[in-house]
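> First, the structure itself, so that you have it in front of you.
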């Protein structure tokens, strides 16, 4: 079995401008933030991003790296609207395909199965069809003749996800309450990169959580990055909760250009080690 361990910088080095990149997690929960920060430090731009959006979308939008966003929402959970996303939408900074949550899931499913589309009921008789005039409907070929939405496959050039544990071969496990469709992101992509809280031996992946927690299979993974606290400031239960104090500081800074420049200089101008040190200093000041 091959050893697929990489650094976050090596993952970013495999990404190219113009790619379609899927980012796992959900809102401000278990986002691959260490990989997103590495992407911020790269010169990659002009991206199509597919995400159940959170601060991943916000940071990439603030950096001007998104050409098109495919998403159902962009939220920080305890902060309902991701502020950078809201500002970018107001100034029409990127094209957006706004889909129902289920439509994103079925679009990824179609891509994972290498199908051109998936027929679904989600979106019928809603404004989803109005704001996405490129969407088409299909009629069932059977006796029911039901009209369904043909959700196009959301094929990805690359996927970035964060899980609790992984082995060096790319098998990955979640230990929290929800898989957040990370397996679909990996299977829908030509190349998938998993960051994790800790790399462990394959035999240690099952533990008390059982085989159902083994979410991502090595066949669909190209690289594994050990990134302790790599989802920060989003949650990665049970390893750590969302850093609400830091998230509030992020959201407040995002609403003022001068404050955001200072925030970026303090927290985003260096590598991941510098980021962790700056976060630690922030909490020392808070207490």
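> One quarter of the convex hull surface, Cα atoms only: what value does that give for the stretch 169-287 in nm²? Display every interim value, and only then the final one.
Details: hull surface 36.3 nm².
About 9.1 nm², averaged over all directions.
> When a footprinting reagent is the concern and you count Cβ atoms within 10 Å, what order do 103, 118 take, fewest first?
On the way: 103 24, 118 21.
Fewest-to-most Cβ neighbours within 10 Å comes out as 118, 103.
> Using 0.36 nm per residue, how much length does the chain from residue 81 to residue 259 gain when fully extended, once their Cα-Cα distance is taken away? Intermediate values should be presented prior to the final figure.
Numbers: separation 178, 0.36 × 178 = 64.08 nm, distance 1.86 nm.
Fully extending the segment from residue 81 to residue 259 adds 62.2 nm.
> Using 0.36 nm times the number of residues separating residue 16 and residue 212, minus their current alpha carbon distance, what extension gain do you get? Walk me through the numbers on the way to the answer.
Working: separation 196, 0.36 × 196 = 70.56 nm, distance 3.39 nm.
Once the chain is fully extended between residue 16 and residue 212, it gains 67.2 nm.
> So for the stretch 196-263, averaging the separation of alpha carbon pairs under 8 Å that are six or more residues apart and normalising by length, what relative contact order in percent results? Spell out each step's value before the answer.
Details: 39 pairs, mean separation 18.0, N = 68.
It rounds to 26 percent for the stretch 196-263.
> Which order results if 47, 163 are arranged by neighbouring Cβ count within 10 Å, fewest first? Display every interim value, and only then the final one.
Values: 47 23, 163 31.
Ordered from fewest to most neighbouring Cβ atoms within 10 Å, 47, 163 come out as 47, 163.
> Just to verify a number: FRET efficiency for residue 131 and residue 45, C-beta to C-beta distance, R0 = 22 Å, to 0.05?
Details: r = 25 Å, r/R0 = 1.16.
With a Förster radius of 22 Å, E is 0.30.
> Further question: Multiplying the sequence separation of residue 95 and residue 140 by 0.36 nm and subtracting their Cα-Cα distance, what value in nm do you get?
Difference between extended and current length: 13.1 nm.
> Using helices alone, what [θ] at 222 nm do you get for the chain, with -39,500 (n - 2.57) per DSSP H run of 4 or more residues, divided over all residues and rounded to the nearest 500?
Result for the chain, helices only: -9000 deg cm²/dmol.
> As a footprinting exposure proxy, order 142, 174 by other Cβ within 10 Å, with the fewest listed first. Walk me through the numbers on the way to the answer.
Details: 142 7, 174 25.
If I rank by nearby Cβ atoms, fewest first, I get 142, 174.
> Between residue 7 and residue 121, what is the label-to-label distance in nm when each label sits 7 Å out along the Cα-to-Cβ direction?
5.2
> Using only Cα atoms, what is the ratio of the radius of gyration of the stretch 161-203 to 2.2 N^0.38 Å? Don't jump to the answer; show the numbers that get you there.
Working: Rg = 10.1 Å, N = 43, 2.2 N^0.38 = 9.2 Å.
Compactness ratio reported: 1.10.
> Hey, another quick one. How long are the semi-axes of the equivalent ellipsoid of the stretch 172-238, taking √(5λ) for every eigenvalue λ of the Cα gyration tensor, in whole Å from largest down?
That gives 17, 15, 13 Å for the three semi-axes.
A short reminder: the numbers here are calculations on the coordinates, not readings from a lab. Not measured: the values here are computed from a predicted model. Quick reminder, even Gly has a Cβ in these numbers, built from the backbone with ideal geometry, and neighbours come from all protein chains shown.
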